[in-house]
1. P(r) tail for segment 71-148, what percent of Cα pairs lie past 22 Å?
2. Which entries of 97/137; 109/161; 17/39; 84/137 show an alpha-carbon separation above 22 angstrom in the structure shown?
3. If I stretch the segment between residue 168 and residue 29 completely, what's the gain in nm (0.36 nm per residue apart, minus their alpha carbon distance), one decimal?
4. Residue 100: net charge of surrounding residues, Cβ under 13 Å, Lys/Arg +1, Asp/Glu -1, itself excluded?
5. Have a look at 102, 73, 127 and report the one farthest towards the positive end of the charge dipole of segment 71-148, computed about the Cα centre with Cβ charges (Lys/Arg +1, Asp/Glu -1).
6. Using just the alpha carbons, could you tell me how many Å³ per residue the convex hull of segment 9-144 encloses?
7. What are the residues whose amide H is under 5 Å from the amide H of residue 122, where those residues sit 5 or more places off or on another chain and H is modelled from the backbone?
8. Given R₀ = 22 Å, what would the calculated FRET efficiency be for residue 80 paired with residue 137, taking r from the Cβ atoms and rounding to 0.05?
Amino acid sequence: MELNTLSPAMGSTRAKKRVGRGIGSGSGKTCGTGHKGQKSRSGGSVKPGFEGGQMPLQMRLPKFGFSSRVGRITAEVRTSELNKVDGGLISIESLRKARVITANIKRVKVMLSGEVVKKFTVEGVGVSKGAKEAIEKAGGKVIGVKATEPAKKTEPEAKAKKATKKVKIAEAKEAAPVEESSADKASDGEGKADKE
């Protein structure tokens, strides 16, 4: 191998296209841009997704979901990551010092994933049911925040509550005596006088 034999790899470079050098070259008069129109002009390109001013596809499609603000400051910590913390106390501050969570995190929940090797006292941090059992099995304890279970769907209960509320309202209406208004009483008095 010598300097005069070195060359770029096949396909890595493309030959320069010389435009505007006569019709014989194939890209002479219009330089490959065609006749007239916005795209034939200098700087006449449009951004991707532009549809000539009509409502573009990405804006015609419906939106769904949302980005939770609470999610930005909430973190899930695995039980195996607790072993990185020096000392026996697990709190948001100790997790920050151990670089298990970042500085912007304000809410933490410990989830069961991996073994708990040390004896920890978890304080002021959310803990799942399985994680609590694992921490207590290792000789630790959880204080400050109750162990949380996965949320259960309670639609039937909510519907039942609504139904019972409606029934109670209906019963109350039936039981309450209907008071006559002063106008009704006056009209009744006039009717009696007319009869006499």
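1. Counting every Cα pair in segment 71-148, those more than 22 Å apart make up 10 percent.
2. Listed pairs above 22 Å: 97/137; 109/161.
3. The residue 168-residue 29 span can extend by a further 41.3 nm.
4. +2
5. The Cα lying farthest towards the positive end belongs to 73.
6. So the per-residue hull volume is 260 Å³.
7. It is 90, 141, 142, 143, by chain and number.
8. So, using R0 = 22 Å, E works out to roughly 0.95.
The numbers here are math on the coordinates, done by the rules we state, and not lab data. Everything quoted here is computed from the prediction, not taken from an experiment. All Cβ positions, even for glycine, are placed from backbone atoms using ideal geometry, and neighbour counts span all protein chains on display.
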